[in-house]
Structure formats: C-alpha cells, structure tokens
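The values are calculated or read from the model by the stated rules, or taken from the named source; none is laboratory data. In this text, all values refer to a predicted model and were calculated from it rather than measured experimentally. Cβ atoms come from the backbone with ideal geometry, glycine included; neighbour counts cover every protein chain shown. These accessible areas exclude ligands, DNA and RNA; they are computed on the full protein's heavy atoms, side chains included. Shrake-Rupley method; radii C 1.70, N 1.55, O 1.52, S 1.80 Å.
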Amino acid sequence: MNKKQLSEVIALWKVDKKNYVKIQDIPLTLQQAVIAVEDSRFYHHYGFDVEGILRAALVNLQTGSIAEGGSTITQQLVRNLFLTQERSMMRKAEEIVLAIDMEMRYSKEEILEMYLNTVYFGSGTYGVGQASRGYFGKAPSQLTLAESAMLAGLPNAPSAYSPNSSPALALKRSQVVLDRMVSAKK
C-alpha cells in the first residue's frame with residue numbers, strides 16, 4: 001500500500017488526523033518500548049500470537065474470570081478501530097480474523113504507526129501526539145528514553161499509571177518497560 005492509500009484509509013477510521021504522527025517522527029526507543037511491553041513477538045506473528053492466547057487462557061482459567069486477553073498490537077488496533085471492548089469468545093474470534101486481514105494488507109510499520117496514533121494513553125489523550133504533548137509538553141520526536149518508557153507503560157492501565165495522578169506507579173511501570181526492553185535486547 002502506498003502512502004496515499006494509507007492516508008485515505010486513515011481518514012476513514014477513528015483517528016485524530018490533526019495530531020497524527022508518522023512512524024519516522026516517533027522515536028525508535030518509543031517504538032521498541034511499546035513492542036517490548038505490549039507484544040514482544042510483534043515481528044514474528046501474523047496478527048495473533050498463539051503463545052500469548054494460551055498464556056492468557058491459562059491465567060483466565062486459574063482466576064476463574066477473563067483477567068487477560070492475550071492480544072497482539074494488531075489485535076488491539078483492530079479492537080480500537082472496529083470493535084467494542086466487550087470481552088467474549090465471539091468478539092475475540094472476530095478480532096483474530098480482522099487482525100489476520102490487517103496483517104495481509106499493511107506492513108508491520110504501518111500497523112505500529114496506526115496503533116501508536118489510536119491507543120489510549122489516559123487523561124483524555126489518544127495517540128502518541130496528544131500524549132507526548134499532554135504529559136511532556138513536546139513533540140514525540142523530542143521524547144527521551146525515560147519519557148518513551150513512561151508513555152509505553154500507559155496503555156496497560158492508563159488511569160493507574162498516569163504520571164499526573166500516580167507518579168510513583170508511573171515510574172514503577174516505566175521501570176517494567178525498561179526491564180522488558182533490556183530482556184528484548186533493545
């Protein structure tokens with residue numbers, strides 16, 4: 001898909017076009033941090049991660065509830081754009097089918113770019129552009145490693161890890177992100 005086609009598709013989706021940030025303007029450290037903490041096998045699957053799904057199913061069986069979803073970045077993007085946040089087996093199956101379709105249509109970089117521009121970072125901010133400006137008062141391209149790690153930790157639980165309301169928890173979560181980056185050799 002060329003850039004013009006991608007722009008047309010983005011225009012149709014629930015994306016803040018004014019604050020949209022191209023992948024080349026998102027620091028590599030932020031990209032690596034998000035992948036390390038959200039989907040460490042991002043470059044090795046085709047939209048869904050069997051190992052992640054099995055791990056989540058085991059946790060869910062142990063807890064007796066749906067505590068984990070095992071979603072990849074692609075699945076999260078599909079859910080953010082096209083589906084509800086409902087937790088059911090039917091919605092999860094639909095998410096997997098749509099994620100496979102998305103992986104067939106877009107490159108990993110395009111998927112990561114779209115994800116980073118649609119994910120909720122808390123405090124009313126969607127996308128890396130709003131989050132970077134809202135939390136740090138700067139463009140994403142100016143983020144430091146520490147700021148990137150803090151932002152990467154937010155999608156897991158934006159309210160709990162907000163640097164505005166819970167700075168200690170935000171710092172602790174950013175350390176988890178940095179540890180995952182080290183484990184991933186990033």
Problem set entry | All positions within the stretch 133-145 that are assigned to a helix (DSSP H, G or I), within 22 Å of Asp179 (Cβ to Cβ) and open to solvent by less than 50 Å² (accessible area, probe 1.4 Å) | Tyr135
Problem set entry | Test for Leu112: is it open to solvent by less than 30 Å² (accessible area, probe 1.4 Å) and at pLDDT 95 or above | yes
Seminar exercise, completed: Checked Ser88, Ser159, Ser174, Ser183 against criteria (surrounded by fewer than 15 Cβ atoms within 10 Å (Cβ to Cβ), of a type outside the set (A, V, I, L, M) and touching a helix residue (DSSP H, G or I) at 6+ places or on another chain (Cβ under 9 Å)); the one match is Ser183
Exercise. What number of residues within the stretch 8-32 are open to solvent by 20 Å² or more (accessible area, probe 1.4 Å), modelled with pLDDT under 95 and part of a helix (DSSP H, G or I)?
Worked result: 7
For this session: Go through the stretch 146-156 residue by residue and tally those that are of a type outside the set (S, T, N, Q) and surrounded by fewer than 16 Cβ atoms within 10 Å (Cβ to Cβ).
Result: 1
For this session: Just give me the residues in the stretch 85-100 being in contact (Cβ under 8 Å) with a residue 12 or more places away in the chain and under 16 Å from His45 (Cα atoms), in sequence order.
Result: Glu95, Ile96, Leu98, Ala99, Ile100
Exercise. If you go through the stretch 91-150, how many residues are among the hydrophobic types (A, V, I, L, M, F, W, C), more than 14 Å from the chain's Cα centre (by Cα) and more than 20 Å from Ser165 (Cβ to Cβ)?
Worked result: 10
For this session: May I ask you to list the residues in the stretch 122-132 that are without any contact (Cβ under 8 Å) to a residue 40 or more places away in the chain and open to solvent by 30 Å² or more (accessible area, probe 1.4 Å)?
Result: Gly124
Problem set entry | Filter pass, Val97 being modelled with pLDDT of 95 or more and among the aliphatic types (A, V, I, L, M) | no
Problem set entry | Number of positions in the stretch 33-50 that are open to solvent by 70 Å² or more (accessible area, probe 1.4 Å) and touching a residue at least 40 places away in the same chain (Cβ under 8 Å) | 3
